[in-house]
Amino acid sequence: MTTVGLEQLDVVAGAPAGNLALAVHRSTAAFRAGADVVVLPELAISGYVVDADLARAVAEPLDGPALAALGAVAAAHDGLIVYGFAEAAGADLFNTVVAVGPDGPVLHYRKLHLFDREKAVYTPGDLGLPVASTRHGVLGVCICYDLRFVEVLRALSLRGADLVIAPAAWVGGFDRTVPATGATGHVASVLAQANLDQVAVVAVSQVAGAAHGGPATLGGSIACDAYGELLAGPLSRTAPDSALATVDLAAVHAARVRGERIRPREDRRRDVYTLHYQGEPV
């Protein structure tokens, strides 16, 4: 069993010091409440910055202040923190997520699919779709808009991920309509894919960004099991929120066999189709 803390934050674009202090506070509280893994939103440290000059001003390297501060919290609680930030790497800026544990980074991911105005600021990710074996199971990561490409969760699941963690800053723009309350189309997409790919998913969004002059981030963070059934959420659509979700890794593995003659992994017609990851079939 792995207990995941969903920490849905209201962060301020372009205010990394305050956002980092908030991330430290909320991560510490989640660990004290019983979390083994704490998940923060996309661009939680920089805020959802889509102005090139501001992004350059608030970006930091992988081994910058966020890694130092959140790594110390992870070490103090023998846990794992997954957080998003604007990463500076030479001349490039990346929309990045890191999973940091007591001994340093476990996963380093740069967003593959940039959304809307992000395309004018960030460089498309160049680190593939990493997975890592941990004592919390095999973890994979992606970011927000990545979830709208079915190959992403499919590739992560077929490469062995038990749990996919997806920091997000969910906004409108993809779906025709966005309900004022409850689950959005983002959630419906995650639940369907989790079931079809037999992988647990935790997706934690920013919320209420419009209050700070940023995009109207939708909140509604969720965790689900490998049948696409909710374990936590949707969290508040308008305010900061928290939840704990327990992911049963044995149940994730069991979900890959749905009956004596219902084995979705084995039933794939790889003689007709296949998915390639970095040139190799999975």
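The values are calculated or read from the model by the stated rules, or taken from the named source; none is laboratory data. Just so we're clear, the structure is a prediction, and the values are computed from it rather than from any experiment. Here the Cβ positions follow ideal geometry from the backbone for every residue, glycine too, while neighbour counts run over all protein chains shown. Calculation scope for accessible area: heavy atoms of the full protein, side chains included, ligands and nucleic acids excluded. Shrake-Rupley method; radii C 1.70, N 1.55, O 1.52, S 1.80 Å.
Quick notes on this one:
- For the stretch 14-51, the tally of residues that are of a type in the set (Ser, Thr, Tyr), under 16 Å from the mean Cα position of the chain (by Cα) and closer than 14 Å to His77 by Cβ stands at 1.
- Just one residue in the set Ala55, Ala59 is touching a residue at least 60 places away in the same chain (Cβ under 8 Å) and over 16 Å from the mean Cα position of the chain (by Cα); that residue is Ala55.
- Residue match in the stretch 74-87 (condition: open to solvent by 50 Å² or more (accessible area, probe 1.4 Å), aliphatic (A, V, I, L, M) and in a loop (DSSP other than H, G, I, E, B)): no
- Scanning the stretch 262-276 finds no residues that are closer than 20 Å to Val37 by Cβ and open to solvent by 40 Å² or more (accessible area, probe 1.4 Å).
- For the stretch 241-282, the set of residues classified as touching a residue at least 60 places away in the same chain (Cβ under 8 Å), acidic (Asp, Glu) and in a strand (DSSP E or B) consists of Asp241 only.
- One residue stands out in the stretch 103-154 among those that are part of a helix (DSSP H, G or I), closer than 20 Å to Asp197 by Cβ and not hydrophobic (A, V, I, L, M, F, W, C): the one that is least open to solvent (accessible area, probe 1.4 Å), namely Asp146.
- Selection from the stretch 201-221 of residues that are of a type in the set (Val, Ile, Thr) and within 17 Å of Gly172 (Cα to Cα): Val204, Val207, Thr217
- Residue under evaluation Thr238, criteria (1) touching a helix residue (DSSP H, G or I) at 6+ places or on another chain (Cβ under 7 Å); (2) closer than 27 Å to His25 by Cα; (3) assigned to a loop (DSSP other than H, G, I, E, B), criterion not met: (1)
- Tally, over the stretch 159-190, of residues that are touching an Asp or Glu at 6+ places or on another chain (Cβ under 8 Å) and either open to solvent by 40 Å² or more (accessible area, probe 1.4 Å) or polar (S, T, N, Q) (or both): 2
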